[in-house]
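Report on one structure; see the data block that follows.
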Amino acid sequence: MLDLPWYKYTQDNFDLNRAKKILNKNHYGIENVKKRIIEHLAVLKLKKDMRAPILCLYGPPGVGKTSLGKSIALALNRKYLRISLGGVHDEAEIRGHRKTYIGAMLGRMLQSIKKAGTSNPVFILDEIDKLGISHYNDPAAAMLEVLDPEQNMNFYDNYLELNYDLSQVMFIATANSLSPISPPLLDRMEIIEMNDYSVEEKIKIFKKHIFPKQLKEHCLKHNDLLIGIKQIEKIIESYTREAGVRNLEKCITKLIRYAVTNIAMGKEYKKRLTIELIEDILGPPQDPTRYEGNDYPGVVTGLAWTNIGGDILFIESSLSKGKGELSITGNLGEIMKESATIALQYIKAHYEEFGVDPKMFEEYNVHIHVPEGAVPKDGPSAGVTMLTSLVSSYTNKKLRPYIAMTGEITLRGKVLPVGGIKEKILAAKRANIKEIILSKGNQKDIKEINPDYLKGITFKYVNNMNEVINIALL
């Protein structure tokens, strides 16, 4: 009890210009995120208390969520604490054990506060989406008391048997996905989305942060290893298909070890990295998914969002003599299977508009397949792609070259907007796509994206499936 810092607080530094400089120095890009953090600090400066929304940084792995929390602590001149909530499935780990239990101890919240020696640290709650739930209790429910500004001034720890004021702690949560987080817990937090980095952003991050940091960590001088822009692009595009920069850091570490080993053994080595040398050190390149052309009717390029960023996927359909049965393969989830059924029913109801012979529905079986069957796929953004693929197969018309699409459909043929637009566009650009079909409802999402990332891509906005077919098919 005496070890806890009951009334010890570090002096806050609310110099927002300094905070802005620190954030800009430590993090390239993510302008909207940095702007929101400065606004948050500005509110705290004027309010002079911490009863503000809890921030939750949400995005794929490796985009800098945890390190952003570290920069906020540095900017405020506060102690930095981090606990990983992955696999925490016992409420007592947060609230503490009752003293009657063997091995009873403080909960992890107050253990961390005790370690920090101050009652107002910046506290990173890492991987809040991975809180486990056991048969007996739900730790997410215990987190409600920690994160609710109305309750955490009287946080009750079972081991301490006293209330402790957590209201001066600045909590920042991080998550890779929002779906596993319980709705009441989600309601207590303000979600700040951190998107994929584009190739251009990754190059800047590489030059400004990753490369100098790794050279320093491996005790190399800046002229011991030299790398050009083309070589950096090669590493990004052929070895690191990811939203963040973690694998990029692993690749450059491997290249630096090549130099370190040669220096340590007193051998001569090539200081300037060429593409051939990079392939020799890192192994054969894993070529990214590329657009495969429009040689066959029924093959359509779709855009998908995954937990590690955007990707393109091919949806194929083919007809065979039969009784009009529908087969779906490719390890698809329930939502995508429903999209396929809706697409087929819509074509049957509007066959005249698409120029399809109605006898084909009774005389031919249709098979829809999404390649890479070992990878589970699901989500509400493949309806448009499936319907286009089916119309292409029934009419035997090919698609226009270098075109991709994303969107969901209704039984009325309306094209609905979908999420993850920035990630999908970056995936399309990596795959050399030139034209993208989107719902009119997604037009606002395009306006939020840096125009530099949109160069070389034209967008076609649609309201219904007839417009999609008129644009997509030759």
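The values are calculated or read from the model by the stated rules, or taken from the named source; none is laboratory data. Quantities reported herein were computed from a predicted structural model and do not represent experimental measurements. Positions of Cβ are generated from backbone atoms using ideal geometry, with glycine treated the same way; all protein chains shown enter the neighbour counts.
Which one of these does ASN154 not meet: (1) more than 28 Å from LEU76 (Cα to Cα); (2) of a type outside the set (Asp, Glu); (3) in contact with an Asp or Glu (Cβ under 9 Å, 6 or more places away or on another chain); (4) modelled with pLDDT of 80 or more?
With (1) more than 28 Å from LEU76 (Cα to Cα); (2) of a type outside the set (Asp, Glu); (3) in contact with an Asp or Glu (Cβ under 9 Å, 6 or more places away or on another chain); (4) modelled with pLDDT of 80 or more applied to ASN154, the lone miss is (1).
Please count how many residues of region 146-166 are free of Cβ contacts under 8 Å to residues at least 40 places away in the same chain and within 28 Å of the chain's Cα centre (by Cα).
So the answer is 0.
Restricted to region 117-134, and to residues that are assigned to a loop (DSSP other than H, G, I, E, B) and closer than 17 Å to GLY86 by Cα, which residue is modelled with the highest pLDDT? Explain how you work it out, then say what you get.
As a first pass, look at region 117-134 and keep what is assigned to a loop (DSSP other than H, G, I, E, B): 117-121, 127, 131-134.
Subsequent filtering for residues that are closer than 17 Å to GLY86 by Cα retains 127, 131-134.
Working: GLU127: 86, LEU131: 79, GLY132: 70, ILE133: 66, SER134: 62.
In this case the residue turns out to be GLU127.
Filter region 219-249 down to the residues that are in contact with a Pro (Cβ under 7 Å, 6 or more places away or on another chain), assigned to a helix (DSSP H, G or I) and touching a residue at least 60 places away in the same chain (Cβ under 8 Å) and list them by number. Walk me through it before giving the result.
Looking only at region 219-249, we keep the residues that are in contact with a Pro (Cβ under 7 Å, 6 or more places away or on another chain), and these are 237-239, 241, 243-244, 246.
Now drop any that are not assigned to a helix (DSSP H, G or I), which leaves 237-239, 246.
Once the filter is applied, which keeps residues that are in contact with a Pro (Cβ under 7 Å, 6 or more places away or on another chain), assigned to a helix (DSSP H, G or I) and touching a residue at least 60 places away in the same chain (Cβ under 8 Å), region 219-249 yields GLU237, ARG246.
For region 455-474, how many residues meet the condition of being of a type in the set (S, T, N, Q), in contact (Cβ under 8 Å) with a residue 12 or more places away in the chain and within 27 Å of ALA340 (Cβ to Cβ)? Working first, answer last.
Initially, region 455-474 is screened for residues of a type in the set (S, T, N, Q), giving 458, 463-464, 466, 470.
Checking the rest, the ones that are also in contact (Cβ under 8 Å) with a residue 12 or more places away in the chain come to 458, 463-464, 466.
When the remaining residues are screened for being within 27 Å of ALA340 (Cβ to Cβ), the result is 463-464, 466.
Here the count works out to 3.
Is it the case that some residue within region 229-250 is crowded, with 17+ Cβ neighbours inside 10 Å and within 30 Å of VAL146 (Cα to Cα)?
Yes; the residues of region 229-250 include at least one that is crowded, with 17+ Cβ neighbours inside 10 Å and within 30 Å of VAL146 (Cα to Cα).
For every residue, the table says whether it meets (1) of a type in the set (Gly, Ala, Ser); (2) buried (at least 16 other Cβ atoms within 10 Å of the Cβ); (3) within 31 Å of the chain's Cα centre (by Cα); (4) part of a loop (DSSP other than H, G, I, E, B).
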{"site": "ILE72", "(1), (2), (3), (4)": "no, yes, yes, no"}
{"site": "VAL88", "(1), (2), (3), (4)": "no, yes, yes, yes"}
{"site": "LYS99", "(1), (2), (3), (4)": "no, no, no, yes"}
{"site": "ILE102", "(1), (2), (3), (4)": "no, no, no, yes"}
{"site": "MET109", "(1), (2), (3), (4)": "no, yes, yes, no"}
{"site": "SER112", "(1), (2), (3), (4)": "yes, yes, yes, no"}
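Restricting the search to region 350-379, which residues are in contact (Cβ under 8 Å) with a residue 40 or more places away in the chain and of a type in the set (A, V, I, L, M, F, W, C)?
The answer is PHE354, MET360, VAL366, ILE368, VAL370, ALA374, VAL375.
How many residues are loosely packed, with under 10 Cβ neighbours inside 10 Å, part of a helix (DSSP H, G or I) and at pLDDT 80 or above if we restrict to region 439-464?
2
Quick check: anything in region 399-419 among the charged types (D, E, K, R), touching a Leu at 6+ places or on another chain (Cβ under 7 Å), assigned by TED's automatic domain parsing to the domain that holds VAL468 and surrounded by fewer than 17 Cβ atoms within 10 Å (Cβ to Cβ)? Please lay out each step first, then the result.
Taking region 399-419 first, the residues among the charged types (D, E, K, R) are 400, 408, 412, 414.
The next check asks that each one be touching a Leu at 6+ places or on another chain (Cβ under 7 Å); those that pass are 400, 408.
Now narrow it down to the ones that are assigned by TED's automatic domain parsing to the domain that holds VAL468: 400, 408.
Of the ones still in play, those that are also surrounded by fewer than 17 Cβ atoms within 10 Å (Cβ to Cβ) are 400.
Checked region 399-419: at least one residue is among the charged types (D, E, K, R), touching a Leu at 6+ places or on another chain (Cβ under 7 Å), assigned by TED's automatic domain parsing to the domain that holds VAL468 and surrounded by fewer than 17 Cβ atoms within 10 Å (Cβ to Cβ).
So which residues in region 45-70 are more than 17 Å from ALA173 (Cβ to Cβ) and either in contact with a Cys (Cβ under 7 Å, 6 or more places away or on another chain) or part of a helix (DSSP H, G or I) (or both), if there are any at all?
LYS45, LEU46, LYS47 - these are the residues of region 45-70 that are more than 17 Å from ALA173 (Cβ to Cβ) and either in contact with a Cys (Cβ under 7 Å, 6 or more places away or on another chain) or part of a helix (DSSP H, G or I) (or both).
Given the conditions (1) farther than 16 Å from GLY86 by Cα; (2) crowded, with 20+ Cβ neighbours inside 10 Å, which single one is not true for GLU145?
(2)
Sort out for me the strands (runs of 3 or more DSSP E) sitting completely within region 156-209 that have 3 or more residues that are out of contact with any Pro (no Cβ under 9 Å at 6 or more places or on another chain), surrounded by 19 or more Cβ atoms within 10 Å (Cβ to Cβ) and not small (Gly, Ala, Ser).
Numbers: elements: 162-164, 170-175, 189-193.
Where strands (runs of 3 or more DSSP E) fall fully within region 156-209 and carry at least 3 residues being out of contact with any Pro (no Cβ under 9 Å at 6 or more places or on another chain), surrounded by 19 or more Cβ atoms within 10 Å (Cβ to Cβ) and not small (Gly, Ala, Ser), they are 170-175.
What pairs come out if I take residues in region 428-454 that are at positive phi and not assigned by TED's automatic domain parsing to the domain that holds ILE30 and pair them with residues that are crowded, with 17+ Cβ neighbours inside 10 Å and in a loop (DSSP other than H, G, I, E, B) whose C-beta lies under 6 Å away, six or more apart or interchain?
Going by the 6 Å Cβ cut-off, the qualifying pairs are ASN432/TYR291.
So which strands (runs of 3 or more DSSP E) stay within region 259-366 end to end and still have 1 or more residues that are touching a strand residue (DSSP E or B) at 6+ places or on another chain (Cβ under 8 Å), of a type in the set (D, E, K, R) and loosely packed, with under 14 Cβ neighbours inside 10 Å? Steps first, answer last, please.
On the way: elements: 299-306, 309-321, 326-329.
Counting at least 1 such residues, we get 309-321.
What are the residues in region 117-141 that are of a type in the set (A, V, I, L, M) and either surrounded by fewer than 20 Cβ atoms within 10 Å (Cβ to Cβ) or not assigned by TED's automatic domain parsing to the domain that holds SER182 (or both), if any?
So in region 117-141, the residues of a type in the set (A, V, I, L, M) come out as 122, 124-125, 128, 131, 133, 140-141.
ILE133, ALA141, listed by residue number.
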